[in-house]
Amino acid sequence: MKGSNIRNPGNKIKRWIFILIIISYFLFIIFSHIYNVKSGIEIGNNFISFLAYMIKILPCAFILIGLFEVWISREKVEKHLGHAGGFKGYIWGIILAGTIAGGLIVALPVSSALYHKGARISVILTFVGASAIVRIPMTLFEASFLGFEFTAIRWIVSIPLVILSSILLEKYFKRHDISMK
């Protein structure tokens, strides 16, 4: 029955616990400023910095995801990133992950859009894993400081492991009848 979770007393308790934790967090930051507690001030500064970063990145990401939803047909996604795409789907997932700016903050909403368009679970997991490995700005930064050889070795080792773990996770999900919603 729709809405039955709202009436569940367990959900009310969880919601109040969550609200209490959030209030406690902000009270800790406020009292840290009042009593000059360095760790609390640093936590508050990190929160503000991360919030500012998210405010800059997420609107652009959601606009692009909206355009992706409208401009790219489900059939095209299924053809290239679905079961019909075969191994090329993993390559497309890695290429797409390389273009992501913003890391997982952007990759997770994109992966949701890919899922709803019919992309294969293992390709989506490869995309998410590769978005932490092959982003172009991060790769250029890493190669300039640690050298091209290090970056190449990291890619050669990491990308096959990401693909393999994605395939194994997809098989695990199917075997245990775990579905994504």
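The values are calculated or read from the model by the stated rules, or taken from the named source; none is laboratory data. Predicted, not measured: the structure shown is a model, and the values here were computed from it. Cβ atoms come from the backbone with ideal geometry, glycine included; neighbour counts cover every protein chain shown.
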- Which residue, of 5, 46, 36, is modelled with pLDDT under 90, of a type outside the set (A, V, I, L, M) and either more than 29 Å from residue 140 (Cβ to Cβ) or under 22 Å from the mean Cα position of the chain (by Cα) (or both)? 5
- Task: Filter the range 93-112 for residues that are surrounded by fewer than 18 Cβ atoms within 10 Å (Cβ to Cβ) and in a helix (DSSP H, G or I) and give the result.
- Result: 95, 98, 104, 105, 108, 109, 112
- Message: Regarding the range 134-141, can at least one residue be identified that is among the aromatic types (Phe, Trp, Tyr) and farther than 22 Å from residue 114 by Cβ?
- Response: yes
- Message: Can you tell me which residue is surrounded by the fewest Cβ atoms within 10 Å (Cβ to Cβ) among those in the range 131-161 that are in contact (Cβ under 8 Å) with a residue 40 or more places away in the chain and in a helix (DSSP H, G or I)?
- Response: 139
- Query: What tally of residues in the range 150-181 results from selecting those that are in contact with a helix residue (DSSP H, G or I) (Cβ under 8 Å, 6 or more places away or on another chain) and of a type in the set (Asp, Glu)?
  - Reply: 1
- Task: Run down 115, 90 and say which single residue is outside the structural domain of residue 50 (by TED's automatic domain parsing), closer than 30 Å to residue 50 by Cα and either among the acidic types (Asp, Glu) or not in a loop (DSSP other than H, G, I, E, B) (or both).
- Result: 115
- Of all residues in the range 88-134, which are under 17 Å from residue 170 (Cβ atoms) and hydroxyl-bearing (Ser, Thr, Tyr)? 90, 111, 112, 115, 122, 126
